[in-house]
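Below: one structure, written as structure tokens.
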Amino acid sequence: MAKGFYISKPVGILAILLGVAAVCTIIALSVVYSQEKNRSTESSAAASTAAPTGPTTTVATTLDQSKPWNVYRLPKTLIPNSYNVTLRPYLTPNNKGLYVFTGTSIVRFTCKESTNIVIIHSKRLNYTNHQGHMVALSGVGGFQPQPVIVRTELVELTEYLVVHLQEPLVAGRQYEMKSEFQGELADDLAGFYRSEYMENGVKKVLATTHMQATEARKSFPCFDEPAMKATFNITIIHPNNLVALSNMLPRGPSVPFGEDPTWKVTEFETTPIMSTYLLAYIVSEFSYVETRAPSGVLIRIWARPSAINQGHGDYALKVTGPILDFFSQHYDTPYPLNKSDQIALPDFNAGAMENWGLVTYRESALLYDRQSSSSGNQERVVTVIAHELAHQWFGNLVTLEWWNDLWLNEGFASYVEYLGADFAEPTWNLV
């Protein structure tokens, strides 16, 4: 008897019906798809042929490059000389629930090429009115005629504050631009921002900075490009129970702020000529441990009081001095500043940032607990410290002109970090 596969008559009829239904469904879907496609094509054609004659909401894909405020790079007509910046961060929210800071700025610059436009970076700052304008402008030395402002405007796309003048500035002369402003002390980890953390079950708030690459403009109006170096005089107004830090040491003890005994003023020494992205200032209740390098440079490690009390900053304090002195010999150039502060932030976007004289870190990159941390954590701490201290010369003292050379800045530091770490821990054979 031959073998085969057999089905009953009812099952065969059911299979045929299902097949016919499937074919009909496919045909119906194809017809609907074709109709919808044709309808979409007709709508697009109608939209393209019936263009409106009035304004549209279409965003231009290219900017008018003939207008200097539409160019993302600053013109070379003005060169900054110095900044005097005073900032007051409020570490409690206002009646709108916002954390804010207020500030004043005086930037002195030299006119290299005659121009009737001043362009400076500004981002998310609200300005106090100066005789109908956002800023005041004057010539240094009282020469005549003084510049007359026609109008000021903010260009959000390129993050510029633009000052239009009645007459061109004179090449070779210096000018000062004064402004008063307010900004938000946001928790966005950029510019001048707030960081929140818990300490012994209590919520704490500090104000700190991260300017790289283009966030100094969120803190005050500035020529925010790495090649636009200048000196900075920073003053911080802060609650009297907190400490203020910046790139330099204070000029002297903090003094009371006006008649308000709950605030005080800390004024810092003038920085060397430096880039805006290396600026730093912090207001917190942090504690520190300190020592001095063999060269005499003051070294301090800052962190939450509980971390300092438990000795978590001791290892960083131990290796920083030898690394600083190693790089002084390696570069054949003394460390350019009189102090080296390093601070561990509970809320920090980057692994670390080489701000000149005030290096900021994630806690895991600076603090080391001998009781619970691994040897891998210890190696990470010493290599990250060496990397950031290498930048104090290569990157800070000698700086890239534009960000397309960042690879060289970071590549060199990534190489010599092992030389510095090996000098601090010679038995580890890191190189």
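The values are calculated or read from the model by the stated rules, or taken from the named source; none is laboratory data. Note that this is a predicted model, so its numbers are computed, not measured. Neighbour counts are summed over all protein chains in view; Cβ atoms, including those assigned to glycine, are modelled from backbone coordinates with ideal geometry.
Out of curiosity, is Thr360 touching a Phe, Trp or Tyr at 6+ places or on another chain (Cβ under 7 Å) and surrounded by fewer than 17 Cβ atoms within 10 Å (Cβ to Cβ)?
no
State whether the residues of the stretch 373-382 include one that is of a type in the set (D, E, K, R) and at positive phi.
No: the stretch 373-382 contains no residue that is of a type in the set (D, E, K, R) and at positive phi.
Could you tell me whether Thr291 is more than 30 Å from Ser372 (Cα to Cα) and in contact (Cβ under 8 Å) with a residue 12 or more places away in the chain?
No, not satisfied.
Only residues in the stretch 387-401 that are touching a residue at least 24 places away in the same chain (Cβ under 8 Å) count as the first member; pair them with residues that are among the basic types (Lys, Arg), Cβ under 9 angstrom, at least 6 apart or cross-chain, and list the lot.
Listed by first residue and then by second, the contacts come to Thr399/Lys229.
Looking at the stretch 314-348, which of the residues that are in contact with a strand residue (DSSP E or B) (Cβ under 6 Å, 6 or more places away or on another chain) and in a loop (DSSP other than H, G, I, E, B) is nearest to Val289 (Cα to Cα)?
That would be Pro346.
Out of all the residues in the stretch 400-419, which are farther than 21 Å from Gln212 by Cβ and of a type outside the set (A, V, I, L, M)?
Residue satisfying the conditions is Tyr418 alone.
Is the stretch 169-192 home to any residue that is in contact with an Asp or Glu (Cβ under 8 Å, 6 or more places away or on another chain), outside the structural domain of Ala307 (by TED's automatic domain parsing), crowded, with 17+ Cβ neighbours inside 10 Å and not hydrophobic (A, V, I, L, M, F, W, C)?
Yes, because at least one residue in the stretch 169-192 is in contact with an Asp or Glu (Cβ under 8 Å, 6 or more places away or on another chain), outside the structural domain of Ala307 (by TED's automatic domain parsing), crowded, with 17+ Cβ neighbours inside 10 Å and not hydrophobic (A, V, I, L, M, F, W, C).
List the strands (runs of 3 or more DSSP E) that sit entirely inside the stretch 66-144 and contain at least 3 residues that are more than 15 Å from Tyr160 (Cβ to Cβ).
Fully inside the stretch 66-144 and qualifying: 78-89, 100-111, 136-139.
Would you mind stating whether Thr152 is part of a strand (DSSP E or B), under 20 Å from the mean Cα position of the chain (by Cα), among the polar types (S, T, N, Q) and at negative phi?
Spelling it out, it is not the case that Thr152 is part of a strand (DSSP E or B), under 20 Å from the mean Cα position of the chain (by Cα), among the polar types (S, T, N, Q) and at negative phi.
Kindly provide the set of residues from the stretch 391-431 that are charged (D, E, K, R), in a loop (DSSP other than H, G, I, E, B) and under 27 Å from the mean Cα position of the chain (by Cα), ordered by number.
The answer is Glu401, and nothing else.
Just checking, does the stretch 369-388 include any residue being closer than 24 Å to Thr209 by Cβ and in a loop (DSSP other than H, G, I, E, B)?
no
Anything in the stretch 303-339 that is of a type in the set (Asp, Glu) and either surrounded by 15 or more Cβ atoms within 10 Å (Cβ to Cβ) or at negative phi (or both)? List them, or say none.
Asp314, Asp325
Residue-by-condition table, conditions (1) free of Cβ contacts under 8 Å to residues at least 12 places away in the same chain; (2) out of contact with any strand residue (DSSP E or B) (no Cβ under 9 Å at 6 or more places or on another chain); (3) within 18 Å of Val118 (Cα to Cα); (4) not in a loop (DSSP other than H, G, I, E, B):
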residue: Pro168; (1), (2), (3), (4): no, no, yes, no
residue: Glu180; (1), (2), (3), (4): no, no, yes, yes
residue: Ala186; (1), (2), (3), (4): no, no, no, no
residue: Leu189; (1), (2), (3), (4): no, no, no, no
residue: Tyr197; (1), (2), (3), (4): no, no, no, yes
residue: Ala227; (1), (2), (3), (4): no, yes, yes, no
residue: Ile234; (1), (2), (3), (4): no, no, no, yes
residue: Ile237; (1), (2), (3), (4): no, no, no, yes
residue: Asn241; (1), (2), (3), (4): no, no, no, no
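Taking only pairs six or more apart or across chains, which ones have beta-carbon atoms under 7 Å, a first residue in the stretch 267-278 that is free of Cβ contacts under 8 Å to residues at least 60 places away in the same chain, and a second residue that is basic (Lys, Arg)?
What qualifies is Glu267/Arg251; Phe268/Arg251; Glu269/Arg251; Ile273/Lys229.
Here are some conditions: (1) within 26 Å of the chain's Cα centre (by Cα); (2) assigned to a loop (DSSP other than H, G, I, E, B). Ser295 meets all but one. Which one does it not meet?
Ser295 satisfies every listed condition except (1).
Under the condition of being among the hydroxyl-bearing types (Ser, Thr, Tyr) and over 23 Å from the mean Cα position of the chain (by Cα), which residue from the stretch 318-349 is nearest to Arg304 (Cα to Cα)?
Thr320
Could you tell me which of the residues Tyr331, Tyr415, Tyr335 is touching a Leu at 6+ places or on another chain (Cβ under 7 Å) and among the hydroxyl-bearing types (Ser, Thr, Tyr)?
Answer to the selection: Tyr335.
Whether any residue in the stretch 257-276 is in contact with a Gly (Cβ under 7 Å, 6 or more places away or on another chain), of a type in the set (S, T, N, Q) and surrounded by 15 or more Cβ atoms within 10 Å (Cβ to Cβ) is what I want to check.
No, the stretch 257-276 has no match at all.
Would you point out which residue out of Leu74, Leu161 is aliphatic (A, V, I, L, M), in the same structural domain as His238 (by TED's automatic domain parsing) and touching a Pro at 6+ places or on another chain (Cβ under 7 Å)?
Leu161
With respect to the numbered conditions (1) more than 21 Å from Arg124 (Cα to Cα); (2) modelled with pLDDT of 95 or more; (3) not aliphatic (A, V, I, L, M), which one is the sole condition not fulfilled by Phe223?
Phe223 satisfies all of (1) more than 21 Å from Arg124 (Cα to Cα); (2) modelled with pLDDT of 95 or more; (3) not aliphatic (A, V, I, L, M) except (1).
Considering Ala344, Ala424, which residue is under 25 Å from Glu269 (Cβ atoms) and buried (at least 17 other Cβ atoms within 10 Å of the Cβ)?
Ala344
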